[in-house]
Amino acid sequence: MKESKLPNLLLKGGRVIDPAQRLDRTVDVQFMGGRVAAIGPDLAADPSIPVRDVAGFLVVPGLIDLHSHVYWGGTSMGVEVEPVARRSGTTTFVDAGSAGPGNFRGFRRHIIEPSALRILAYLNISFAGIYAFSPSLMIGECADLRLLDLRECLRIAEQNRDLVLGVKVRVGLDASGSSGVAPLEMAIEVAETLGLPVMAHLDFPPPSRRDVMSRLRPGDILTHCFRPFPNAPIGPKREVRQEISDARQRGVIFDIGHGAGSFAFATARDMLEAGFLPDVISSDIHTLSVDGPAYDVLAIMSKFYCLGVELNEVIKAATAAPAAAMRRSELGTLSVGSVGDAAVLEIAEGAFTYTDVVGETIAGRTRLKLRGMIVGGCWWDPSQLN
């Protein structure tokens, strides 16, 4: 099938699931001028507009990956967005702090602006961003507080408000060494001045889970929220820890951020059994996770679907929920007038194996598979790479 280069398209007969509109029914979706123009049953086909029959498939808003690392060539961890998009239906990638104040302008000019896909970002509090991330070399960018220039972070964020969604900070033994919770406090000071949220990474202590959770504000994001021990959100009696429950009650957003070391089935089962679903499902794709165990956001959605999370909740966690966390209401929905991005998915049946970051595998009978995607009203075929 040839790709459509015109931003006009009519999708006929798909099961449209749009949690932002609480919509789950068989309707048509029309795109005009790169935006959603109409949605409803039996829409009339204009002879000048390409029509695609998607009966038997799901039509959902373009997927949003709230935690990715896509500064390809500018950081050691960055991956190219288009191959990932064409296998996953991701139309919006949010880079989670690959770039800091010292190299964000290069990220903007060389990666974001030329991309046919939407790329937004959380600006790293560290001047250099995540600069040493590879199988042979790991140096946390917040281990040396001399790299945290709050005035420069504020300046670059203000200059790039169209792209910067908030401030990213990585704390933990790997990311911040003996700096403890200080980088988080510094990131919050910048974010408060900007009126934007913080996305906080937490790996091994120090700091502790309590140190981090007690500081996060409503709208701030804890990524890697279903991580394995230590600093896991679940207690020894398989209960959700109090500081985690308290943070959710005051409006902290919980994001999966799977990656290569931050998602465990054991944690997920206990959290789901306790009724604690993640707000957002994201991949944390980078060079060490993009070929497994994370792969992409659609693969992680499939894991949660196989864990028993309802389909609509899974889709919400990669569409409406991240859009709300980003404060971008025009994304993550197929409402009339919204951005003309969508994914056409199949619920494939078979025998599938899923793996977490500690090596546990589970068997699944279903997998979400991409059959096509719409970017700015144009059809993209997953089998074709530019």
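Looking at Val51, is it crowded, with 22+ Cβ neighbours inside 10 Å, farther than 18 Å from Ser338 by Cβ and not acidic (Asp, Glu)?
When the stated conditions are applied, Val51 does not pass them.
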Practice task
Evaluate the following for Ile300: is it among the aliphatic types (A, V, I, L, M), more than 29 Å from Gly40 (Cα to Cα) and open to solvent by less than 10 Å² (accessible area, probe 1.4 Å)?
Solution key: yes
Problem - Leu120 among the aliphatic types (A, V, I, L, M) and closer than 26 Å to Ser302 by Cα - result: yes
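Residues to consider are Leu331, Leu288, Leu272, Leu277; find the one that is part of a loop (DSSP other than H, G, I, E, B) and within 21 Å of Gly359 (Cβ to Cβ). Even if it seems obvious, please write down each step before you answer.
Working: Leu331 fails: within 21 Å of Gly359 (Cβ to Cβ); Leu272 fails: part of a loop (DSSP other than H, G, I, E, B); Leu277 fails: within 21 Å of Gly359 (Cβ to Cβ).
Answer to the selection: Leu288.
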Handout entry: Qualifying residues in region 278-289 (those that are of a type in the set (A, V, I, L, M, F, W, C) and surrounded by 24 or more Cβ atoms within 10 Å (Cβ to Cβ)) - the one nearest to Ala247 (Cα to Cα)
Key = Val280
Fill in the blank from the handout: Counted residues in region 185-205 being part of a loop (DSSP other than H, G, I, E, B) and farther than 28 Å from Ile300 by Cα come to 1
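Does region 103-156 hold any residues that are of a type in the set (Gly, Ala, Ser), within 23 Å of Glu192 (Cα to Cα) and in contact (Cβ under 8 Å) with a residue 40 or more places away in the chain, and which are they? Write out each step before concluding.
From region 103-156, those of a type in the set (Gly, Ala, Ser) are 106, 115-116, 121, 126, 128-129, 132, 134, 136, 140, 143; that's our starting set.
Next, from what is left, pick out any that are within 23 Å of Glu192 (Cα to Cα): 121, 126, 128-129, 143.
Passing the criteria: Ala121, Ser126, Gly129.
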Problem - Any chance Asp211 is in contact with a Gly (Cβ under 8 Å, 6 or more places away or on another chain), open to solvent by 20 Å² or more (accessible area, probe 1.4 Å), outside any loop (DSSP other than H, G, I, E, B) and acidic (Asp, Glu) - result: yes
Exercise for the section: Within region 160-178, work out how many residues are open to solvent by less than 50 Å² (accessible area, probe 1.4 Å) and of a type outside the set (A, V, I, L, M, F, W, C). Expected result: 7
Completion exercise
Restricted to region 336-383 and to residues being in a loop (DSSP other than H, G, I, E, B) and surrounded by fewer than 17 Cβ atoms within 10 Å (Cβ to Cβ), the residue modelled with the lowest pLDDT is Ser383
Completion exercise
The residue that is farthest from Ser179 (Cα to Cα), considering only those in region 127-159 that are touching a Pro at 6+ places or on another chain (Cβ under 7 Å) and crowded, with 17+ Cβ neighbours inside 10 Å, is Ile156
Exercise for the section: Answer yes or no: is there a residue in region 13-24 that is touching a Phe, Trp or Tyr at 6+ places or on another chain (Cβ under 7 Å), closer than 23 Å to Gly332 by Cβ, in contact (Cβ under 8 Å) with a residue 24 or more places away in the chain and buried (at least 22 other Cβ atoms within 10 Å of the Cβ). Expected result: yes
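Of these, Gly275, Gly257, Gly261, which one is touching a residue at least 12 places away in the same chain (Cβ under 8 Å) and open to solvent by 10 Å² or more (accessible area, probe 1.4 Å)?
Details: Gly275 fails: touching a residue at least 12 places away in the same chain (Cβ under 8 Å); Gly257 fails: open to solvent by 10 Å² or more (accessible area, probe 1.4 Å).
Checking each option against the conditions leaves just Gly261.
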Practice task
Hey, can you tell me all the residues within region 39-86 that are among the acidic types (Asp, Glu), within 30 Å of Lys168 (Cβ to Cβ) and touching a strand residue (DSSP E or B) at 6+ places or on another chain (Cβ under 7 Å)?
Solution key: Asp65, Glu80
Practice task
Can you tell me which residue among Val198, Val190 is open to solvent by less than 20 Å² (accessible area, probe 1.4 Å), β-branched (Val, Ile, Thr) and over 20 Å from the mean Cα position of the chain (by Cα)?
Solution key: Val190
Problem - Selection count where residues are in contact with a helix residue (DSSP H, G or I) (Cβ under 9 Å, 6 or more places away or on another chain) and within 22 Å of Ile119 (Cβ to Cβ), scope region 290-314 - result: 8
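The values are calculated or read from the model by the stated rules, or taken from the named source; none is laboratory data. Because the structure is predicted, anything quoted here is derived from the model rather than measured. Ideal geometry is used to build each Cβ from the backbone, glycine not excepted, and the neighbour counts take in all protein chains shown. Note: areas computed on protein heavy atoms with side chains; ligands, DNA, RNA excluded. Shrake-Rupley method; radii C 1.70, N 1.55, O 1.52, S 1.80 Å.
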